[in-house]
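One structure below.
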Amino acid sequence: MDAEKIQSDIDLLLTYINDDMENIGGTIKSVYFSFVVGKPDRIAVDEKFNWPEDYLFKIINICNSRSLLKNNSRDFSQIFLTEEGQSRAISVKHGKNRSYELGASMQIATLNVHGPAQVGNGNVQNISNVFNQLLQKIDESDATDEEKKEAKSRLSKFLEHPLVGSIVGGLAGSLSGLA
Amino acid sequence: MEELRETIRLRCTFCRSNEFALPHEDYSPSAGSFVVCANCGKENDVTSLLVVAKATGLAIVEDHVEQLVDEMAKELKRAFRNNKFITIK
């Protein structure tokens, strides 16, 4: 069987399960799915994908083997989404395939988690340092005062843009050189 | 007591590779962003990868605690084996 089709169908099933779970505000520990004939989840999947029963069960079994789903039953009546399955569903939904970029000025490395990993505000601090350096360079440049003012004004407008603000968390107001 | 120390590598949710393509050395992805798998090229949601790593870490700790409790129970049984007032089942 086509390996790519299996991958793609795994993505379809996981995305369906995650979307359905999110629609009712459930969590992976509290919500399970039943794919027994006649059950609402099975009816929905049959309508959506139109897969033969043995193929649906094969996809579920593959997901179970890869820890993407957890099958707690013999008759596919208690299927739980796992953390890994949810991770894949979210990545399928919001991520892109960027294989074309690989090798183009990128470092290949592992990402390890040693205790508490740095995620979040620490990165804003790094960005803040970059802009402070930029302001310093503008001040140190040989440009006229008017040109410096213009450069800072453009930087300020850039940082005030709502989209940029949502990413770097209202940085414009915290940079003293932009006052 | 022996200290438990484990390194958990983030793993691509599509192909399970441990290697990611990063824009520069010492890059630390922010929550809600994506990292590109160096093997299959697909973007992985960073927050979800961390959730998976946390679950993996918890499972390791649970196994370790279970092992410690078993060892402690064995030690207790051994220590009170010949004591006629205390019996450990």
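Semi-axes of the equivalent ellipsoid of chain B are 46, 11, 10 Å, computed as sqrt(5λ) over the eigenvalues of the C-alpha gyration tensor in descending order. Rounded to whole numbers, the Karplus 3J(HN,Hα) couplings from phi for the range B:60-69 are 5, 5, 4, 4, 5, 4, 4, 5, 4, 5 Hz, using 6.51 cos²θ - 1.76 cosθ + 1.60 with θ = phi - 60°, and x at Gly and Pro.
Between amide H atoms placed 1.01 Å from N, distances below 5 Å from B:PHE20 occur with A:ALA109, A:THR110, A:LEU111, B:ALA38, all of them 5 or more places distant or on a separate chain. Taking 0.36 nm per residue of separation and subtracting the Cα-Cα distance, full extension of the segment from B:GLU75 to B:ARG5 would add 22.8 nm.
Which of B:VAL35, B:PHE80, B:CYS15 sits farthest toward the positive end of the charge dipole of chain B, with +1 on the Cβ of Lys and Arg and -1 on the Cβ of Asp and Glu? Result: B:PHE80. Amide H contacts under 5 Å for B:ILE8: A:VAL113, restricted to partners 5 or more places along the chain or on a different chain, H placed in the peptide plane at 1.01 Å from N.
Computed from phi, the 3J(HN,Hα) profile of the range A:56-72 under the Karplus parametrisation 6.51, -1.76, 1.60 (θ = phi - 60°) reads 4, 5, 5, 5, 4, 4, 4, 4, 5, 5, 8, 6, 8, 10, 10, 9, 9 Hz, with x in place of Gly and Pro. By the scheme Lys and Arg +1, Asp and Glu -1, what is the net charge of all other residues having a beta-carbon under 15 Å from that of A:GLY26? For residues surrounding A:GLY26, the net value is -3. Our coupling estimate for the range B:18-32, obtained by passing each phi through the Karplus curve with A = 6.51, B = -1.76, C = 1.60 and θ = phi - 60°, is 8, 9, 10, 8, 10, x, 7, 5, 6, 5, 10, x, 8, 4, x Hz, Gly and Pro reported as x.
Read the figures in this text as sums done on the coordinates, not as results from a lab. This structure is a prediction, so every number in the text was calculated from the model and none was measured. Reconstructed Cβ throughout: ideal geometry from the backbone, glycine too, with neighbour counts over all protein chains shown.
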